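Heads up, the thing below is written out as structure tokens.
The values are calculated or read from the model by the stated rules, or taken from the named source; none is laboratory data. Being a predicted model, the structure only gives us computed values, none of them experimental. As a convention, Cβ positions derive from the backbone with ideal geometry for all residues, glycine included, and neighbour counts pool all protein chains shown.
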């Protein structure tokens, strides 16, 4: 029974303080902190580019843009979920003072990563336009916020679910550490779906993460909303939300004592 | 609703299975050997009421369930049977420095902790000067918390909750901290809090202090209420029981030596 009653405004303020705390730590050196935060994903994309375009001679125009447009949303997804998974365990003393295993902690992780993503957008857009030769679309002004909302709705249920499960099964954290890289390669991220043999396309299309990432790439590379994929991702988000809600009702009351 | 805090027929058990992990399968889970902590019910048949504006003490030996009780009152831990009801805003100080972040300054921690307690940012801003002044931290309030001593952290924590405009304060052994004059200040602040109809529930091992601050209270042992009533009597009888148990132990070991 929660004895700390919060209004929506207070909840939002609390979320803001939690997120700001992490952002200050991440961007400690002001500009250099910003550069380093971007550098990691760009460097990783560069490694894949060398491996697949140069060494394996993958034939795809604008491969670097394909990579970048997908890897930044992916980073938000994977770092958001893996850091949220730890959030109850790592913040055990905080939870004991909070009065309830507040679902706010995984939410702050997802929001933090969204802020990093938004801060990276200028660099991503610069790459898409300058290196890829694509046009910057005015429609991005409303399409991007829509996609941001979609990704939050998609990622948060996963984040909260794994945070709850991790309290009971502590191996969840390392398992996700293996699971996400596997998922990354199972999803068309470093290769286009076109190189997958035709009969297998349907299985790849079943992957909701593919739907989400493909929607981002369609936005950046075609300036258009990929409605079928967005609808599928939204459907998954709803289903994940429902499952997480049930999980929350069952597991949340005991987080305070198990953490 | 005349009672600020109400507990009826409270039962709580900590289930046997601990969180799973490959490590515990490999190394073997270690069941607690101490009989005090290995009992089935952490709390049994617990009931008490605290009227608004009263100060209530909870005493008892280690492992008697005091911290479990406070956790249930705060809502962190869920009771298995029974009813718990608190009316009003609750602020707690259960563990020193819990909810504080070492890398943030004292000022930033005031805002964070205030927000944890449910305060609005505007409220915290309004009260910040008072909080800073009460804590006697002076310029250290702008320093990161990891540079603070335990005493400084305790003073800051206490200062925040006493200014938090809560109706009910739950305090676990962090009753009054710092030097003698600061402690006197804390006791004065608690008296003013009670004068404003604030309700206190305090867990303490310091019999002198808990008798001074609390009107009435209960004594727990092995999860049950073994004594209740005006605090002075409860504390005195507890001390007698402990003294008798000690001398019993001394006599028994003297016998064994012979």
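Per-structure values
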item	result
Hits in the stretch B:76-91 (condition: over 28 Å from residue B:108 (Cβ atoms), facing another protein chain (nearest Cβ under 7 Å) and not in a strand (DSSP E or B))	B:77, B:78
Elements of type helices (runs of 4 or more DSSP H) in the stretch A:1-102, at least 2 residues being within 14 Å of another protein chain (Cβ to nearest Cβ)	A:8-26, A:63-90, A:92-98
Selection count where residues are without any contact (Cβ under 8 Å) to a residue 40 or more places away in the chain, assigned to a helix (DSSP H, G or I) and under 24 Å from residue A:128 (Cα atoms), scope the stretch A:223-250	3
Qualifying residue in the stretch B:178-187 (condition: in contact (Cβ under 8 Å) with a residue 12 or more places away in the chain and either surrounded by fewer than 17 Cβ atoms within 10 Å (Cβ to Cβ) or under 14 Å from residue B:238 (Cα atoms) (or both))	yes
In the stretch B:205-258, residue farthest from residue B:168 (Cα to Cα) [restricted to those that are part of a loop (DSSP other than H, G, I, E, B) and free of Cβ contacts under 8 Å to residues at least 60 places away in the same chain]	B:258
Subset of the stretch B:92-116 (residues that are touching a strand residue (DSSP E or B) at 6+ places or on another chain (Cβ under 6 Å), buried (at least 19 other Cβ atoms within 10 Å of the Cβ) and either over 19 Å from residue B:134 (Cβ atoms) or more than 7 Å from chain A (Cβ to nearest Cβ) (or both))	B:93, B:94
Of residues in the stretch B:132-146 being touching a residue at least 12 places away in the same chain (Cβ under 8 Å) and assigned to a helix (DSSP H, G or I), the one surrounded by the most Cβ atoms within 10 Å (Cβ to Cβ)	B:135
Residue under evaluation residue B:129, criteria (1) surrounded by fewer than 21 Cβ atoms within 10 Å (Cβ to Cβ); (2) part of a helix (DSSP H, G or I); (3) touching a helix residue (DSSP H, G or I) at 6+ places or on another chain (Cβ under 9 Å), criterion not met	(3)
Residue within the stretch B:51-68 that is crowded, with 18+ Cβ neighbours inside 10 Å, facing chain A (nearest Cβ under 9 Å) and either assigned to a loop (DSSP other than H, G, I, E, B) or modelled with pLDDT of 85 or more (or both) present	yes
Number of the exception - residue A:182 against (1) surrounded by 16 or more Cβ atoms within 10 Å (Cβ to Cβ); (2) more than 14 Å from every other protein chain (Cβ to nearest Cβ); (3) without any contact (Cβ under 8 Å) to a residue 60 or more places away in the chain	(1)
Candidates A:160, A:182, filtered to the one that is over 15 Å from residue A:111 (Cα atoms) and modelled with pLDDT of 95 or more	A:182
